[in-house]
Amino acid sequence: MKLNKMIDHTKLGASVSAEQIQKLIDEAKVYDFKSVCVNPIWVNHAKKALSATDVLVCTVIGFPHGTHQPEVKACEAVQAVKDGADELDMVINVWALKSKQYDLVKKDIEGVVKAGAGRTVKVILETCYLTAEEIVEGSKIAVSAGAHFVKTSTGFGTYGARIEDVKLMKETVGNRAEVKASGGVRTYEDALKMIEVGATRIGTSNGVDIVNQRRDQHDSNTSY
């Protein structure tokens with residue numbers, strides 16, 4: 001298992017500095033993570049800085065509340081692609097899902113998928129606000145709208161990824177999509193538990209610690 005290639009090395013937030021983004025990029029180069037996940041303003045810089053590597057650039061759409069109009073999310077996606085984004089993590093309209101306005105939820109996702117022009121789209125359900133039934137319904141809609149992943153959390157909600165939610169999401173999407181566990185995944189043990197129940201991607205700001213903990217628990221020759 002190449003754990004490093006399952007990690008979206010993440011730095012999001014209102015006050016993230018250029019120095020912090022550069023540190024994230026430098027770490028991604030050393031550890032060869034799957035991607036760096038950054039706010040939209042940093043996409044172009046990250047893409048240029050990582051051009052000589054196979055580390056992808058991921059950004060967020062409709063972040064962090066998902067309350068943007070569908071047209072605005074699609075516009076964000078268009079700009080992100082122009083700036084060089086390889087992957088788009090979009091927040092669903094949580095209110096619409098909870099209100100059973102499923103056509104609106106689907107339209108929201110379809111707009112980003114179309115605007116993404118073939119880029120990987122991960123749909124953030126923000127599971128902390130959802131019942132089990134809503135998690136299932138949201139996962140089904142995401143698949144039907146063409147998303148490639150369903151994702152647990154933004155990291156800005158009341159809690160992040162839970163094992164039972166990741167398991168439920170994977171059982172729902174099966175082989176039609178993948179699952180990203182994000183929010184509160186801070187240790188190798190945390191990551192392993194998520195992977196064991198079906199996650200194929202981990203969103204975390206603790207990627208360096210996670211892969212180093214894995215090496216420490218095995219031996220120094222273990223690959224990331």
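Couple of notes before you dig in:
- Given charges at Cβ of Lys, Arg, Asp, Glu: the chain dipole, positive-most of Val30, Val208, Thr187: Val30
- Listing Thr172, Thr53, Thr204 from fewest to most neighbouring C-beta atoms within 10 Å gives Thr53, Thr172, Thr204.
- For the chain: relative contact order, % (alpha-carbon pairs under 8 angstrom, 6 or more apart): 17 percent
- Here region 40-118 and region 172-187 have alpha carbon centers that stand 17 Å from each other.
- Exposure proxy ranking, count of Cβ atoms within 10 Å, fewest first, for Ser205, Ser35: Ser205, Ser35
- Binning all Cα-Cα separations of the chain at 10 Å, short to long from zero, yields these whole-percent fractions: 9, 36, 38, 15, 2, 0.
- Each residue of region 180-190 is assigned a 3J(HN,Hα), and the resulting list reads 10, 9, 9, x, x, 8, 10, 10, 4, 5, 4 Hz, derived from the Karplus form 6.51 cos²θ - 1.76 cosθ + 1.60 (θ = phi - 60°), x at Gly and Pro.
- 25 Å Cα-Cα threshold exceeded, pairs from Lys29/Lys114; Lys34/Lys193; Lys48/Lys140; Lys5/Lys106; Lys2/Lys170; Lys11/Lys106: Lys29/Lys114; Lys48/Lys140; Lys5/Lys106; Lys11/Lys106
- Isolated cysteines of the chain, defined as having no other cysteine beta carbon under 4.7 Å away, are Cys75, Cys128.
- Footprinting exposure proxy for Thr59, Thr127 (fewest neighbouring C-beta atoms within 10 Å first): Thr127, Thr59
FYI, it's all coordinate maths here, none of it is from the lab. Keep in mind that this is a model prediction, so the values were computed, not measured. Using ideal geometry, Cβ is built from the backbone for each residue, glycine included, and neighbour counts are taken over all protein chains shown.
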